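Here is the structure we will look at.
The values are calculated or read from the model by the stated rules, or taken from the named source; none is laboratory data. Remember, predicted model here, so these are calculated numbers, not experimental data. Here the Cβ positions follow ideal geometry from the backbone for every residue, glycine too, while neighbour counts run over all protein chains shown. These area figures cover heavy atoms from the full protein model, side chains too; ligands, DNA and RNA do not enter into them. Shrake-Rupley method; radii C 1.70, N 1.55, O 1.52, S 1.80 Å.
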Amino acid sequence: MRKGLLYCVTAGFLMLLLCLSVRAEGTALTVSLPLRQHVTNGLPVRVLYTLTADTPDAPMPEGSANGVFRMLLQNEQDTALPPITYTAPGVWTYTLRAETTGGTLSPERLRIQVEIVETAGELLPMVVALLENGEKTELLFLVTPEQPPPPPGYGTETGGPGVGGTTACGVGLCLVALAALALRGRKQRT
């Protein structure tokens with residue numbers, strides 16, 4: 001009887017260990033960070049976002065290489081970074097930078113802190129985005145593209161809008177005046 005009880009207790013203990021290890025390995029949490037790009041003047045724009053892990057061995061989105069993830073957004077967009085999978089409690093920090101040519105960004109950089117806590121065997125995320133001054137914010141980037149200059153020669157030779165249109169008319173009037181003078185000179189000679 002003691003032997004049977006010992007087998008049952010041992011089997012129960014091994015089952016408990018098996019269940020705990022499966023549960024720990026099976027516990028995972030994916031976090032998607034929303035990202036909003038607002039274009040202030042409606043002009044076309046492209047912005048490169050770079051997410052860099054500040055904490056060594058921080059989990060990263062799929063498609064990352066060496067702790068860096070890059071994503072290109074065009075014009076007005078509401079999207080999210082690819083999900084990041086966390087398997088254990090901890091605190092990780094990231095830097096999200098935005099870069100564009102021919103425009104301005106506000107902000108250019110954010111610090112993101114992801115804290116994963118375990119409550120009743122469940123992983124829960126706490127995510128905070130911070131401006132450089134430490135103020136909390138959302139992942140919102142305001143983009144103001146510069147107005148591109150008109151192409152070279154626009155409106156000067158083709159008679160397009162602006163000063164060029166009057167210049168083309170002026171050239172035409174000069175030609176008419178020259179033709180009239182030539183005709184007048186011809187009539188005077190005869």
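Looking across region 88-99, the residues that are open to solvent by 30 Å² or more (accessible area, probe 1.4 Å) and either among the aliphatic types (A, V, I, L, M) or modelled with pLDDT under 95 (or both) come down to 88, 91. When 33, 18 are screened for being open to solvent by less than 40 Å² (accessible area, probe 1.4 Å), hydrophobic (A, V, I, L, M, F, W, C) and either under 23 Å from residue 107 (Cα atoms) or modelled with pLDDT under 95 (or both), only 33 passes.
In region 107-138, the residue that is least open to solvent (accessible area, probe 1.4 Å) out of those that are of a type in the set (D, E, K, R) and touching a residue at least 12 places away in the same chain (Cβ under 8 Å) is 115. Give region 69-87 a look and list any residue that's within 15 Å of residue 145 (Cα to Cα) and either among the aliphatic types (A, V, I, L, M) or buried (at least 16 other Cβ atoms within 10 Å of the Cβ) (or both), or say none. The one that is within 15 Å of residue 145 (Cα to Cα) and either among the aliphatic types (A, V, I, L, M) or buried (at least 16 other Cβ atoms within 10 Å of the Cβ) (or both): 73. Among residues of region 35-64 that are without any contact (Cβ under 8 Å) to a residue 60 or more places away in the chain, those with a beta-carbon under 6 Å from a residue that is of a type in the set (A, V, I, L, M, F, W, C) and open to solvent by 70 Å² or more (accessible area, probe 1.4 Å) at least six positions away or on a different chain give the pairs 48/72.
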